[in-house]
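Asks: Take a look at the following structure, please.
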Amino acid sequence: FSGITASRLQTAVDKAYADFKNLSEGRNADYIPILTETPSNLFGIVLATPDGTLFSAGDVEYKFSIQSISKPFTAALVMNQTSPEVLKEKIGVEPTGLPFNSKLALEIYEKRSVNPLVNAGAIAAVSLINADSEDKRWYLIRQNLSDFAGSELELLEKVYQSEYDTAWSNRAIANLLYSYHRLYCDPEEALRVYTKQCALGVSCENLAIMGATLANGGKNPITVKQVLQKEHVPELLAIMATAGFYDESGEWMAQAGLPAKTGVGGGIVAVVPGKFAIAAFSPRLNASGNSIKAMKAIRQISGELGLGIYGAN
Ligand code: GLN
């Protein structure tokens, strides 16, 4: 596998699991009330090769909400349905350097919604999907995420309800965007479908295959379906590299050297272009909303195997 033996890959995964298993720093997200109920000690790591071979340790089948990790995949659907130029013009690709739910970003960046990996840009991406009804919008988005995973992803209803019932901040973002003509369907519809997208259940194994699809030039290694056109993969990975960790993106890139996306459910997926995907999950987050154990695990594996795209970290 890219010149690295299977046993070395498994050893790196096992070692990261053993090294960080007992860490208890950080806290589950609590602004979505139900996320406090996820057992905080869960921890899983899966490294996938572009042919879909998995190297795993820990709780890799547990289903948690995908949250913001859904964002690059819906941006991919916008690119597929329209073009990367539309994504750039109607949403933007610049990193904000601000938290994922920033409203300030909308004001200071000349009313652009900035990039599809923060809430504003992600809600705008949902609104950009060509669909003549809310059901169709949701169907297309869920189908696309399932195509990346190579498996039907199910809505975690309780997570959806809990987040939608308390979605005042995202509702504000949707309405503000709409007032700036930067949201392209009814704001409440965009909010509902975005919140559902974030409440899809995924396992660490699912996330690894989603990442492997990007590592494999947009073709799912299990179903062999071309989910994202190959020529658009580098553009998507570049946005993940600059904005995947919000206000911690520079720090992450300096440490792990890999494009990646995090979610407040505790998941992270990182992509080594052409070579691997590494997914990890653990619910306790740092102040930027990124999983502490998942970050440490991926960073260590990247370092040990020399996977950082800028050279060995
Ligand atoms: N659904 C979450 C929200 O909109 C996603 C945030 C995240 O994972 N960073 O707040």
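The values are calculated or read from the model by the stated rules, or taken from the named source; none is laboratory data. Bear in mind that the values here come from a model prediction, so they are computed numbers and not experimental data. Quick reminder, even Gly has a Cβ in these numbers, built from the backbone with ideal geometry, and neighbours come from all protein chains shown.
Asks: Under 7 Å between Cβ atoms, which residue pairs at least 6 apart in sequence (or on different chains) link something in region 61-85 that is under 28 Å from ILE32 (Cβ atoms) with a partner that is among the small types (Gly, Ala, Ser) and in a helix (DSSP H, G or I)?
Replies: From residues that are under 28 Å from ILE32 (Cβ atoms), the pairs are LYS71/ALA122; THR74/ALA122; THR74/ALA125; ALA75/ALA125; VAL78/ALA125.
Asks: Being in contact with a strand residue (DSSP E or B) (Cβ under 6 Å, 6 or more places away or on another chain) and aliphatic (A, V, I, L, M), is that true of even one residue in region 156-168?
Replies: Going through region 156-168, the residues in contact with a strand residue (DSSP E or B) (Cβ under 6 Å, 6 or more places away or on another chain) turn out to be 156, 159.
With aliphatic (A, V, I, L, M) added as a condition, the list becomes 156, 159.
Yes: one or more hits.
Asks: Moving on. Six or more apart or on different chains, Cβ atoms under 8 Å: show the pairs whose first residue is in region 150-171 and touching a residue at least 24 places away in the same chain (Cβ under 8 Å) and more than 20 Å from SER127 (Cα to Cα) and whose second is of a type in the set (Ser, Thr, Tyr) and surrounded by 15 or more Cβ atoms within 10 Å (Cβ to Cβ).
Replies: Once the first residue is touching a residue at least 24 places away in the same chain (Cβ under 8 Å) and more than 20 Å from SER127 (Cα to Cα) and sits in region 150-171, its partners that are of a type in the set (Ser, Thr, Tyr) and surrounded by 15 or more Cβ atoms within 10 Å (Cβ to Cβ) give GLY150/THR213; GLY150/THR223; LEU153/SER146; LEU156/SER65; VAL159/SER65.
Asks: Also: From the residues in region 1-56 that are hydrophobic (A, V, I, L, M, F, W, C) and part of a loop (DSSP other than H, G, I, E, B), which one is surrounded by the most Cβ atoms within 10 Å (Cβ to Cβ)?
Replies: Applying the first criterion (hydrophobic (A, V, I, L, M, F, W, C)) to region 1-56 yields 1, 4, 6, 9, 12-13, 16, 18, 20, 23, 29, 32, 34-35, 42-43, 45-48, 54-55.
Restricting the remaining residues to those that are part of a loop (DSSP other than H, G, I, E, B) gives 1, 4, 23, 29, 32, 42-43.
Values: PHE1: 16, ILE4: 15, LEU23: 15, ALA29: 21, ILE32: 23, LEU42: 17, PHE43: 27.
Applying the filter and picking the extreme gives PHE43.
Asks: Which residue out of VAL78, VAL86, VAL114 is more than 13 Å from the ligand (Cβ to nearest atom) and not in a helix (DSSP H, G or I)?
Replies: Values: VAL78 fails: not in a helix (DSSP H, G or I); VAL86 fails: not in a helix (DSSP H, G or I).
Only one candidate passes the filter, namely VAL114.
Asks: Which is of a type outside the set (Asp, Glu), in the same structural domain as ALA125 (by TED's automatic domain parsing) and surrounded by fewer than 20 Cβ atoms within 10 Å (Cβ to Cβ), of SER162, SER179?
Replies: Numbers: SER162 fails: surrounded by fewer than 20 Cβ atoms within 10 Å (Cβ to Cβ).
So the residue among SER162, SER179 that is of a type outside the set (Asp, Glu), in the same structural domain as ALA125 (by TED's automatic domain parsing) and surrounded by fewer than 20 Cβ atoms within 10 Å (Cβ to Cβ) is SER179.
Asks: Still on this structure: Do you know which residues across region 68-97 are crowded, with 17+ Cβ neighbours inside 10 Å and of a type in the set (Val, Ile, Thr)?
Replies: ILE69, THR74, VAL78, ILE91, VAL93, THR96
Asks: Also: Can you tell me which of SER288, SER282 is surrounded by fewer than 24 Cβ atoms within 10 Å (Cβ to Cβ) and over 22 Å from THR5 (Cβ atoms)? Before the answer, list the steps.
Replies: Values: SER282 fails: surrounded by fewer than 24 Cβ atoms within 10 Å (Cβ to Cβ).
Going through SER288, SER282 in turn, just one is surrounded by fewer than 24 Cβ atoms within 10 Å (Cβ to Cβ) and over 22 Å from THR5 (Cβ atoms): SER288.
Asks: Against the definition (within 12 Å of the ligand (Cβ to nearest atom) and either under 29 Å from ASN206 (Cα atoms) or assigned to a loop (DSSP other than H, G, I, E, B) (or both)), how does LEU145 come out, yes or no? First the steps, then the outcome.
Replies: Numbers: within 12 Å of the ligand (Cβ to nearest atom): no; either under 29 Å from ASN206 (Cα atoms) or assigned to a loop (DSSP other than H, G, I, E, B) (or both): yes.
For LEU145, the condition - within 12 Å of the ligand (Cβ to nearest atom) and either under 29 Å from ASN206 (Cα atoms) or assigned to a loop (DSSP other than H, G, I, E, B) (or both) - is not met.
Asks: Return yes or no: is LYS136 in a helix (DSSP H, G or I), among the charged types (D, E, K, R) and closer than 30 Å to GLY250 by Cα? Explain how you work it out, then say what you get.
Replies: Details: in a helix (DSSP H, G or I): yes; among the charged types (D, E, K, R): yes; closer than 30 Å to GLY250 by Cα: no.
The answer is no for LYS136.
Asks: If you go through region 98-109 one residue at a time, how many are within 15 Å of the ligand (Cβ to nearest atom) and either surrounded by fewer than 21 Cβ atoms within 10 Å (Cβ to Cβ) or hydroxyl-bearing (Ser, Thr, Tyr) (or both)? Steps first, answer last, please.
Replies: Quick first cut of region 98-109, residues within 15 Å of the ligand (Cβ to nearest atom) only: 98-103, 105-106.
Imposing the further condition that a residue be either surrounded by fewer than 21 Cβ atoms within 10 Å (Cβ to Cβ) or hydroxyl-bearing (Ser, Thr, Tyr) (or both) reduces the set to 98-99, 101-103.
Count: 5.
Asks: Oh, and also: In region 172-206, how many are assigned to a loop (DSSP other than H, G, I, E, B) and touching a residue at least 60 places away in the same chain (Cβ under 8 Å)?
Replies: Filtering region 172-206 for residues assigned to a loop (DSSP other than H, G, I, E, B) gives 180-186, 199, 203.
If we keep only those that are touching a residue at least 60 places away in the same chain (Cβ under 8 Å) too, we end up with 180, 182-184, 199, 203.
Final tally of qualifying residues: 6.
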